[in-house]
Amino acid sequence: MKLFFSVFAGCILNCSLLTGQGFAEQTIPPINERYAESAEETPDFQRHLVPMLSKLGCNGRSCHGSFQGRGGFQLSLFGYDFEMDHKGLNERIDTQDPADSYALQKATNVDEHEGGEKIKPGSWEYRVFHKWIESGAAGAETPMKLARLEVTPAELVVQGADEQHQLNVVAVWENGTREDVTPLSRFQSNDTSIAEVSENGMITSRSPGDSHVIVFYDNGLFAVPVIQPVSQETARNYPEVPAPTAVDQHVITKLRKLGIVQSELSTDEEFLRRVSLDIAGTLPTPGEVRAFVEDSSPDKRSQVIERLLESPAYSAWWSTRLNDLTGNAVNQINNVSFSNTRVSKEWYEWIRKRVADNMPYDQLVEGIVLAKSQREDETYTEYCERMTKIYTDKTCEEFAEQDSLPYFWARRNFQTSEDRAIGFAYTFLGIRVQCAQCHKHPFDQWTQQDFTQFQPLFSRTRYSQNGTDASEYRAMLEELDLDKSLRGNQLRRELATLANKGKVVPFPALVDNAPRTSTKKGKDGKTLTPNQMARVLGGEPFNLNEYENPREPLMKWLRGDAQELFAKAFVNRVWANYFNRGIVEPTDDLSLANPPSNAALLDHLAQGFIEHNFDMKWVHREICNSRTYQLSWQANDTNRLDERNFSHAIPRRMPAEVAMDAIRQATASDEANESYLASLDSRAIAIPDSAQGRGGNNYALTIFGKSARENNCDCERSNEPTLLQTLYLNNDNEFLSAIDSKNGWLNQLADQWGEKQKAQAEQVAPRPENYAEVVERYEAYIKRLREQDDKAKLKEVKSKLTAYKAKYGQQDKNEEPEQPVVTEQQMQETVTTAYLRTLNRFPTEQELETGVEAIHASSSRVQGMRDLLWALLNTKEFIVNH
């Protein structure tokens, strides 16, 4: 059961091994040469006729490949449904008089054709079509398997614009047959500004840069890298550049071809901020910045990486990213317990524990794919006893100790076998198979038959409200003596109340339905179980009914034939977190027509991940310890336009949760600021749910692009800037409240400086002219009340006087209390701390001078610091990770 990723492996991974000598003497010449004149050879339906019709566009979505067909004639979209295509053509051909065939007359426009003339009479295409009809118009009852495509040149490096190079394509079939199929192949440029390609495979170079030309034939695809240097600094002219790690070596190998020189290393301050945000979603503290800059150890950057990987913030942030992938969203959880919010938290904590423990990624995934609610050694009642105990644990830590996470299979958008096939491929393989639901995938190898036979693997798994034993379920309800009229949500609420009191209640459970049995019996008198044929993508068919757990073949596949793609999907997504884009971009489209920008780099990371037993921290270390990750964001003349080859850091807006935490951390008291890496209390990066909408801090998370976790798309998380984000940072109440918090840094400064902090919206109101008179009347009234011993009224009036004075403040200089002296040096240190808290760097001399002057010019020192802090939080430098 070998996965058909051999096309990918042969075409992409080993392309560097192919040379012009790859065309052996036994290769069958191209069909346009063989049919330049009349030929005795009979064309093959799969190998010749269908690819020819595809190249002519006959089975495209705008022609006969549309779901309605055209002119009463329909072909399968993009081909590969040979039975359907053969049946449709057979109704329009005449084997006795091929030239009179309706299909041929339409294609040549002899009989008026809406699409015009597709085949010229007398052309090689005409002779192929005619000969196929004449020879009996045989179909493809047993389709051949394409082993690989061999394309030369396998990589094209040009030196300037308007160079032309012809591609040659050889199909190698499973039986060893080799044929030059260049005239039958389709060609597509992924970026026509870099290179154009003709319908016959002639590449014409255009502007400097790199892209790919994709070759399509049968269900095989081959990506040809096309590179045009952007400078003269290539090959021997390339400068000496440090490449201390394998990651750096693979990156520089590509950059050397492109003539792109890497930027210089980032400063210590830039690196510390970047790596802290990327690994742990947390800003470094002022103390950490100072210590790191002063540290002269040669391995101090590696030490920081290790410290961050061991922090609770790392496990929280990367658990959030895995919760994005697995779809943990309250509004998608479908009655698997008595509180969807609690289920979401249990889901999150289950993953967080495994990330914190650095459980191998394949084992973490196994706990999801092969998840079970009820253990093999327990009855349904015992399962409910265990779940009731877990339900009373408000921390959800006890659930995190369980072996598996069944909730993945209970989502509302994950119930049909079709949705599950699509979602599974997206989550664990980073591929989009939904196109194959209806037709041959236009940009990958998957056919509709592949998808149809993949679906059954997901058809027997469901969540049962009655658990695994209906009789035990009913008995438990009877024992609880509930109102028998309770149904649905009313029943769930009542059971939740009882569970909170510690009473054992029935819980829903994930179950795998037994194979369907036949009404017929075999010779031995036993009921027959019909075969349920299924296959993993690219594998061989097998009887699913041989498996008690129908998901077992999926996990074997992820660790077997699909292991390389499984690993690539993970490391590519991790890479994108650090570089703003994946080696394959989009990160959830690892299709053959969307090749990696650096195949050798992706191979290195995937192979290393596998060899290190799916150690997630190994991936983070391998990336973050590379010089490539630690480069400056400031570009040079050669790399200023580069966004796909990792020659410099790309500034990118912080993710939603990280941005919210950064605002709170920057404005928090010193004690709270220093606790963020270790404490997850109230951290946005540790919110279990998708947190969409306007409640609580959901509004901010929503406008800053937190994933809603509703669709199979990495694009649900957005780091794009918007006007709403700007408005939030300018004047949103939540944002301003963080600055003015009584537990915040400004209030701490106010205490130290002997000043009373004033919130932005509560500036001291102008005193009325009769202020002194009103105060005097209040005081006289208070004196009389004391004499009358009216304690209740006295308390009320004193409260009013206090409020009146607080409203208008102490504006008379003679009334102001004496304030501690704040020296110029202390003021400079405070301004420096503001920069270290927000931008995580020391201010320049000019910035320091401007900051101090602004404070002196303000109505009070605290108000001046407030204005400075607000301004720093509103800089692009703060909200962007660079």
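The values are calculated or read from the model by the stated rules, or taken from the named source; none is laboratory data. Model, not experiment: these values are computed from the prediction. No Cβ is skipped: glycine too gets one built from the backbone with ideal geometry, and neighbour counts run over all protein chains shown. All accessible areas refer to the heavy atoms of the entire protein, side chains included, with ligands and DNA or RNA removed. Shrake-Rupley method; radii C 1.70, N 1.55, O 1.52, S 1.80 Å.
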- prompt: Just checking, how many residues over segment 430-487 are over 25 Å from the mean Cα position of the chain (by Cα), small (G, A, S) and on the phi < 0 side of the Ramachandran plot?
  reply: 6
- line: Scanning segment 197-219 residue by residue, the ones that are out of contact with any His (no Cβ under 8 Å at 6 or more places or on another chain), assigned to a strand (DSSP E or B), under 27 Å from Y80 (Cβ atoms) and not small (G, A, S) total 7
message: I'm checking my understanding of the structure. Among residues of segment 153-164 that are open to solvent by 20 Å² or more (accessible area, probe 1.4 Å) and closer than 18 Å to P595 by Cβ, which one is farthest from the chain's Cα centre (by Cα)?
response: P153
statement: The condition from (1) under 27 Å from R432 (Cβ atoms); (2) part of a helix (DSSP H, G or I) that A371 misses is numbered (2)
- prompt: Among I685, I663, which is within 23 Å of K876 (Cα to Cα), out of contact with any Asp or Glu (no Cβ under 6 Å at 6 or more places or on another chain), open to solvent by less than 10 Å² (accessible area, probe 1.4 Å) and part of a helix (DSSP H, G or I)?
  reply: I663
message: Need the failing condition index for S344 against (1) out of contact with any strand residue (DSSP E or B) (no Cβ under 7 Å at 6 or more places or on another chain); (2) crowded, with 18+ Cβ neighbours inside 10 Å, just the number.
response: (1)
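Listed here are the residues, each with its yes/no results for (1) in a loop (DSSP other than H, G, I, E, B); (2) under 16 Å from I687 (Cα atoms); (3) β-branched (V, I, T).
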residue: G287; (1), (2), (3): no, no, no
residue: P298; (1), (2), (3): yes, no, no
residue: I305; (1), (2), (3): no, no, yes
residue: W318; (1), (2), (3): no, yes, no
residue: T341; (1), (2), (3): no, yes, yes
residue: K345; (1), (2), (3): no, yes, no
residue: W350; (1), (2), (3): no, yes, no
residue: K353; (1), (2), (3): no, yes, no
query: Can you name the residue in segment 579-603 that is farther than 24 Å from Q445 by Cβ and of a type outside the set (K, R) and, of all such residues, is surrounded by the most Cβ atoms within 10 Å (Cβ to Cβ)?
result: F579
task: Scan (1) closer than 26 Å to T204 by Cα; (2) without any contact (Cβ under 8 Å) to a residue 60 or more places away in the chain; (3) part of a helix (DSSP H, G or I) for the single condition H165 breaks and write down its number.
output: (3)
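Could you please find all residues in segment 613-634 being in a loop (DSSP other than H, G, I, E, B) and within 16 Å of I252 (Cα to Cα)?
Let us first name the residues in segment 613-634 that are in a loop (DSSP other than H, G, I, E, B), namely 613-615, 625-630, 632-634.
Answer for segment 613-634, where residues must be in a loop (DSSP other than H, G, I, E, B) and within 16 Å of I252 (Cα to Cα): N625, S626, R627, T628, Y629, Q630, S632.
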Odd one out for H86 among (1) open to solvent by 20 Å² or more (accessible area, probe 1.4 Å); (2) within 20 Å of Y126 (Cβ to Cβ); (3) at pLDDT below 90; (4) not in a helix (DSSP H, G or I): (4)
query: Here are E378, E418, E382, E366: which of them is assigned to a helix (DSSP H, G or I), over 27 Å from the mean Cα position of the chain (by Cα) and either surrounded by fewer than 20 Cβ atoms within 10 Å (Cβ to Cβ) or without any contact (Cβ under 8 Å) to a residue 12 or more places away in the chain (or both)?
result: E382
field: Candidates V157, V110, V128 - the one that is at pLDDT 85 or above and out of contact with any Pro (no Cβ under 6 Å at 6 or more places or on another chain)
entry: V157
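Take the residues of segment 499-519 that are loosely packed, with under 12 Cβ neighbours inside 10 Å and in contact with a Pro (Cβ under 9 Å, 6 or more places away or on another chain): which is nearest to K394 (Cα to Cα)?
Selected residue: N513.
Looking at segment 228-252, which of the residues that are outside any loop (DSSP other than H, G, I, E, B) and under 27 Å from the mean Cα position of the chain (by Cα) is surrounded by the most Cβ atoms within 10 Å (Cβ to Cβ)?
V251
Regarding segment 424-442, can at least one residue be identified that is aromatic (F, W, Y) and more than 24 Å from D512 (Cβ to Cβ)?
No, segment 424-442 contains no residue that is aromatic (F, W, Y) and more than 24 Å from D512 (Cβ to Cβ).
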statement: For segment 390-399, the count of residues that are within 19 Å of E378 (Cβ to Cβ) and crowded, with 21+ Cβ neighbours inside 10 Å equals 2
- request: Would you check if there is a residue in segment 170-179 being more than 22 Å from F82 (Cα to Cα), open to solvent by 10 Å² or more (accessible area, probe 1.4 Å), in contact (Cβ under 8 Å) with a residue 60 or more places away in the chain and in a loop (DSSP other than H, G, I, E, B)?
  value: no
query: Pairs under 9 Å by beta carbon, first residue modelled with pLDDT under 95 in segment 280-305, partner part of a loop (DSSP other than H, G, I, E, B) and not polar (S, T, N, Q), six or more apart or different chains?
result: none
- request: Would you confirm whether any residue within segment 488-498 is open to solvent by less than 30 Å² (accessible area, probe 1.4 Å), touching a residue at least 24 places away in the same chain (Cβ under 8 Å) and farther than 30 Å from E716 by Cβ?
  value: yes
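Kindly evaluate A649 against the criterion of being crowded, with 23+ Cβ neighbours inside 10 Å, touching a Phe, Trp or Tyr at 6+ places or on another chain (Cβ under 6 Å) and not in a loop (DSSP other than H, G, I, E, B).
No; evaluated as a whole, the condition is false for this residue.
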field: Among (1) farther than 21 Å from E155 by Cα; (2) surrounded by fewer than 22 Cβ atoms within 10 Å (Cβ to Cβ); (3) of a type in the set (A, V, I, L, M, F, W, C), the one test that I279 misses
entry: (2)
Qualifying position, being open to solvent by 40 Å² or more (accessible area, probe 1.4 Å) and touching a Lys or Arg at 6+ places or on another chain (Cβ under 9 Å), among S315, S302, S266, S296: S302
Among the residues listed as T192, T204, T108, the single one being open to solvent by less than 60 Å² (accessible area, probe 1.4 Å), of a type in the set (S, T, Y) and either closer than 26 Å to N219 by Cβ or touching a residue at least 40 places away in the same chain (Cβ under 8 Å) (or both): T204
field: One residue from E734, E716, E657 being over 30 Å from D751 (Cα atoms), open to solvent by 20 Å² or more (accessible area, probe 1.4 Å) and charged (D, E, K, R)
entry: E716
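Would you call I610 in contact with a helix residue (DSSP H, G or I) (Cβ under 9 Å, 6 or more places away or on another chain), open to solvent by less than 10 Å² (accessible area, probe 1.4 Å), touching a residue at least 24 places away in the same chain (Cβ under 8 Å) and not in a loop (DSSP other than H, G, I, E, B)? I'd like the intermediate steps shown before the answer.
On the way: in contact with a helix residue (DSSP H, G or I) (Cβ under 9 Å, 6 or more places away or on another chain): yes; open to solvent by less than 10 Å² (accessible area, probe 1.4 Å): no; touching a residue at least 24 places away in the same chain (Cβ under 8 Å): yes; not in a loop (DSSP other than H, G, I, E, B): yes.
So I610 fails the test.
Restricting attention to segment 140-151, and to residues there that are of a type outside the set (A, V, I, L, M) and surrounded by fewer than 19 Cβ atoms within 10 Å (Cβ to Cβ), which single residue is farthest from the chain's Cα centre (by Cα)? Please lay out each step first, then the result.
Filtering segment 140-151 down to residues of a type outside the set (A, V, I, L, M) leaves 141-143, 145, 148, 150.
Then drop every residue that is not surrounded by fewer than 19 Cβ atoms within 10 Å (Cβ to Cβ), which leaves 141-143, 145.
Numbers: E141: 41, T142: 39, P143: 36, K145: 33 Å.
Across segment 140-151, the extreme among qualifying residues is E141.
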